[in-house]
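Trainee: Here it is, the structure in full.
The values are calculated or read from the model by the stated rules, or taken from the named source; none is laboratory data. This structure is a prediction, so every number in the text was calculated from the model and none was measured. So basically every Cβ, Gly included, is an ideal-geometry build from the backbone, and we count neighbours across all protein chains shown.
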Amino acid sequence: MIEVTNLTRRFGQTIAVDGLSFKVQPGEVLGFLGPNGAGKSTTMKMLTGYLRPSSGSARVYGYDIQNQPLEVQRSLGYLPEGAPLYVDMTVAEFLAFTSAVRGYKGGESLKRIKTVVDLVHLGPVLNKTIETLSKGFKRRVGLAQAILHDPKVLILDEPTDGLDPNQKYEVRQLISSMARDKVIILSTHILEEVDAVCTRAIVISNGRLLADETPQSLLARSKTYGAIVLELDDKEIDVKVLNGISGIAKLEVLATTSGQSFRIYPNKGQNVLLDINKSICHNNWKLRSLTVERGYLDEVFRTLTTRTAA
Ligand SMILES: Nc1ncnc2c1ncn2[C@@H]1O[C@H](COP(=O)(O)OP(=O)(O)OP(=O)(O)O)[C@@H](O)[C@H]1O
Ligand SMILES: [Mg+2]
């Protein structure tokens, strides 16, 4: 597992990472969220031995990132931000090089390269030089080199940045399928990705940890989480009926071009759906839709990160 303790990195006056502590266990997919400049990439660079911490420490499967960097690097795969690659090599040459650096030879090397080429669909571009590839294909080459040795730990800095929707979907599937026995840390600005692939999310701003919880509990911080949106075809209903339902904390009238719409906030832990349903039936309201809101990660993200900025 990974254990990070008070990890700190300064660049002159800037404190890029400020006393971060967290743990990640195998089977977890941890998402790093945070505004531009929050310190996500700097944290990842320290975990991979690319940058030295100013203070604090981190252990990867018991190996210290500063004192045993080679042991750490053997056990991890890293997709850096922007995927810097040897751009004058062809994809095939680059993967052969990566495989040789990882110590593979002959048939084993060919097998590993074939596996990753198939996994991230690089077949059609194998003989193209990397500099001539589109952004998404460069990203895929970066991902291929990160997973070639089937590492126990994967650190992926914005793995789906620049990919088309089909590839985004495939890379997320790939991450989920690899997750069972690995520790995976990824950063992203796509909040739906956190919900889709991460088992846990860490929100960082100005290098500090603001939240460390499941995506579901982050969603539950949303102002509208659990609220019921009711859309009726009726032009005028007696709002007093809705307001009279016990367990309702607030009723919001929503703007609509036809009929009437409401957002109903229940008191915490109260299930008012049954009573709302009864009112609809009892009053013969013409129900268009009834939805329970799941919350919005972008709203939670904004609330968390702008409050600290202020
Ligand atoms: N080599 C460096 N020299 C000086 N300052 C740096 C260096 N690398 C990062 N920083 C600063 O550290 C802070 C954190 O940067 P970092 O790249 O870790 O942010 P990030 O969360 O990855 O942002 P983004 O979402 O834009 O990728 C920023 O203020 C950045 O300008
Ligand atoms: Mg970054």
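Trainee: Within the stretch 3-30, take every residue that is of a type in the set (Ser, Thr, Tyr) and under 19 Å from Glu213 (Cα atoms) and give me the one that is nearest to ligand 1 (Cβ to nearest atom).
Mentor: For the stretch 3-30, the residue satisfying everything is Ser21.
Trainee: Give the residues of the stretch 271-296 that are closer than 22 Å to Asp238 by Cβ, touching a residue at least 40 places away in the same chain (Cβ under 8 Å) and touching a helix residue (DSSP H, G or I) at 6+ places or on another chain (Cβ under 8 Å), sorted by residue number.
Mentor: Selection gives Ile276, Asn283, Trp285, Leu287, Leu290.
Trainee: While we're on this one: Determine whether Lys45 is within 19 Å of Phe301 (Cα to Cα), in the same structural domain as Cys198 (by TED's automatic domain parsing) and within 16 Å of ligand 2 (Cβ to nearest atom).
Mentor: Against the criterion (within 19 Å of Phe301 (Cα to Cα), in the same structural domain as Cys198 (by TED's automatic domain parsing) and within 16 Å of ligand 2 (Cβ to nearest atom)), Lys45 does not qualify.
Trainee: Answer yes or no: is there a residue in the stretch 103-111 that is part of a helix (DSSP H, G or I) and in contact (Cβ under 8 Å) with a residue 24 or more places away in the chain.
Mentor: No, the stretch 103-111 contains no residue that is part of a helix (DSSP H, G or I) and in contact (Cβ under 8 Å) with a residue 24 or more places away in the chain.
Trainee: On to the next question. Between Glu252, Glu299, Glu236, which is touching a residue at least 12 places away in the same chain (Cβ under 8 Å), in a loop (DSSP other than H, G, I, E, B) and not assigned by TED's automatic domain parsing to the domain that holds Arg180?
Mentor: Checking each option against the conditions leaves just Glu236.
Trainee: Next question, about the same structure. From the residues in the stretch 66-102 that are within 16 Å of ligand 1 (Cβ to nearest atom) and part of a loop (DSSP other than H, G, I, E, B), which one is farthest from the chain's Cα centre (by Cα)?
Mentor: Checked the stretch 66-102; the qualifying residue farthest from the chain's Cα centre (by Cα) is Pro84.
Trainee: Name the residue that is surrounded by the most Cβ atoms within 10 Å (Cβ to Cβ), counting only residues in the stretch 116-138 that are over 25 Å from the mean Cα position of the chain (by Cα) and of a type in the set (Ser, Thr, Tyr).
Mentor: The extreme case among them is Thr129.
Trainee: Could you check the stretch 46-62 and list, in sequence order, the residues that are part of a strand (DSSP E or B) and either within 16 Å of ligand 1 (Cβ to nearest atom) or at pLDDT below 95 (or both)?
Mentor: Of everything in the stretch 46-62, those that are part of a strand (DSSP E or B) and either within 16 Å of ligand 1 (Cβ to nearest atom) or at pLDDT below 95 (or both) turn out to be Ser55, Gly56, Ala58.
Trainee: When only residues in the stretch 178-191 that are modelled with pLDDT of 90 or more and of a type outside the set (A, V, I, L, M, F, W, C) count, which is farthest from Leu154 (Cα to Cα)?
Mentor: The qualifying residue farthest from Leu154 (Cα to Cα) is His189.
Trainee: Now a separate question. Go through the stretch 145-169 residue by residue and tally those that are touching a Lys or Arg at 6+ places or on another chain (Cβ under 8 Å) and within 16 Å of ligand 1 (Cβ to nearest atom).
Mentor: 5
Trainee: Further question: Yes or no: Gly77 within 16 Å of ligand 2 (Cβ to nearest atom) and surrounded by 14 or more Cβ atoms within 10 Å (Cβ to Cβ)?
Mentor: So Gly77 does not fit the description; no.
Trainee: Residue by residue through the stretch 31-45, note down the ones that are more than 6 Å from ligand 1 (Cβ to nearest atom) and either in a loop (DSSP other than H, G, I, E, B) or more than 16 Å from Ser75 (Cβ to Cβ) (or both).
Mentor: The answer is Gly31, Phe32, Leu33, Pro35, Thr43, Lys45.
Trainee: Is at least one residue of the stretch 48-64 aromatic (Phe, Trp, Tyr), in contact (Cβ under 8 Å) with a residue 60 or more places away in the chain and surrounded by 18 or more Cβ atoms within 10 Å (Cβ to Cβ)?
Mentor: No; the residues of the stretch 48-64 include none that is aromatic (Phe, Trp, Tyr), in contact (Cβ under 8 Å) with a residue 60 or more places away in the chain and surrounded by 18 or more Cβ atoms within 10 Å (Cβ to Cβ).
Trainee: Yes or no: the stretch 170-185 includes at least one residue that is within 16 Å of ligand 1 (Cβ to nearest atom), outside any helix (DSSP H, G or I), surrounded by 18 or more Cβ atoms within 10 Å (Cβ to Cβ) and assigned by TED's automatic domain parsing to the domain that holds Lys40.
Mentor: yes
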